[in-house]
Amino acid sequence: MIVTTVRKRAQDLEPKAIQLANDLNFIYVKRQGHSVESLMKQEKQDIIVVGIDKIEYFPSSLQSSFFYHPNSAFVRIKQIENNQTEPLKEVTKLQQGMSFLDCTMGLGADSLVAQYLVGESGKVVGLEENKVIATLVRVGMQSWDDGRSDLLELMKRIQVIHGHHLDYLSRLPENSVDVVYFDPMFEQAILNSKGIAGIRSLAHYETISPEAIALAKKVAKHRVVLKDHWQSSRFEQFEFNVQKRKHAAFHYGYLKS
């Protein structure tokens, strides 16, 4: 993968792009007026384009690009404020001041809703195994400027960490996090979600291991929560209490610690 800049103000953005390339251990290539398509043909690699207010990922297929956006999180927060049912709130029972560990962060919509629920006094950590996705989300959350100022400030409080949940959980003390959360990536979610179409090639399809659940139960002070496809066998495998949602593609399950 290579890193370049947008054509406008390329010279001003070059230091930022070079730093990002170094952080990701990728190669920086000068834009030099090329289109993304021609640069991709020339380099034969995926491209990350650094802009003035966003960083955009272009897969070599050129089917769909991706840049960070909060997806449905702001809408879900509005539902909470209107006293409407919001599944994550219902299953996690998160309150102000609590802590939330998102073991499979992805694009971070659930982490943002969780940060709203725990407020300024609470803590949200999101783990993402893919370094490119983690970087795009981390930078995006710090620079996103479209929305209510209070929600933008909450977004900036989320700690995004590149790493595998198994490694991270193994280093945490017992009963150190209120809620540990899993939302594993799988084929049905990828095919049906437009929001993540641009990062299909980066997604991890790894299942949740018994070791990860055991560690999560040890670390979680309050609950371990799983969001999964309604047909998933993981709910039964790990004996989750399932909150079924009529006509929904996903269900939520929880284990009390």
Please go through the stretch 19-36 and pick out each residue that is surrounded by 15 or more Cβ atoms within 10 Å (Cβ to Cβ), in contact with a strand residue (DSSP E or B) (Cβ under 6 Å, 6 or more places away or on another chain) and outside any loop (DSSP other than H, G, I, E, B). Leu20, Ala21, Tyr28, Val36
Could you tell me whether Val125 is part of a strand (DSSP E or B), in contact with a Leu (Cβ under 8 Å, 6 or more places away or on another chain) and closer than 12 Å to Asp102 by Cβ? yes
If we scan the stretch 49-59, do we find a residue that is part of a strand (DSSP E or B), surrounded by fewer than 19 Cβ atoms within 10 Å (Cβ to Cβ), at pLDDT 90 or above and not basic (Lys, Arg)? yes
Among the residues in the stretch 133-153, are any more than 23 Å from Lys93 (Cα to Cα), among the aliphatic types (A, V, I, L, M) and at pLDDT below 90? no
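Of all the residues that make up the stretch 90-122, how many are under 17 Å from Ile158 (Cα atoms) and either assigned to a loop (DSSP other than H, G, I, E, B) or of a type in the set (Lys, Arg) (or both)?
15
Rundown of residues vs (1) touching a Pro at 6+ places or on another chain (Cβ under 8 Å); (2) loosely packed, with under 14 Cβ neighbours inside 10 Å; (3) of a type in the set (A, V, I, L, M); (4) touching a residue at least 24 places away in the same chain (Cβ under 8 Å), yes/no style:
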{"residue": "Val219", "(1), (2), (3), (4)": "yes, no, yes, yes"}
{"residue": "Val224", "(1), (2), (3), (4)": "no, no, yes, yes"}
{"residue": "Phe238", "(1), (2), (3), (4)": "yes, no, no, yes"}
{"residue": "His247", "(1), (2), (3), (4)": "no, yes, no, no"}
{"residue": "Ser257", "(1), (2), (3), (4)": "no, no, no, yes"}
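Of the residues that make up the stretch 74-86, is at least one among the aromatic types (Phe, Trp, Tyr), part of a strand (DSSP E or B) and touching a Leu at 6+ places or on another chain (Cβ under 8 Å)?
There is no residue in the stretch 74-86 that is among the aromatic types (Phe, Trp, Tyr), part of a strand (DSSP E or B) and touching a Leu at 6+ places or on another chain (Cβ under 8 Å).
The values are calculated or read from the model by the stated rules, or taken from the named source; none is laboratory data. Everything numeric here is computed off the predicted structure, so don't read it as measured data. Positions of Cβ are generated from backbone atoms using ideal geometry, with glycine treated the same way; all protein chains shown enter the neighbour counts.
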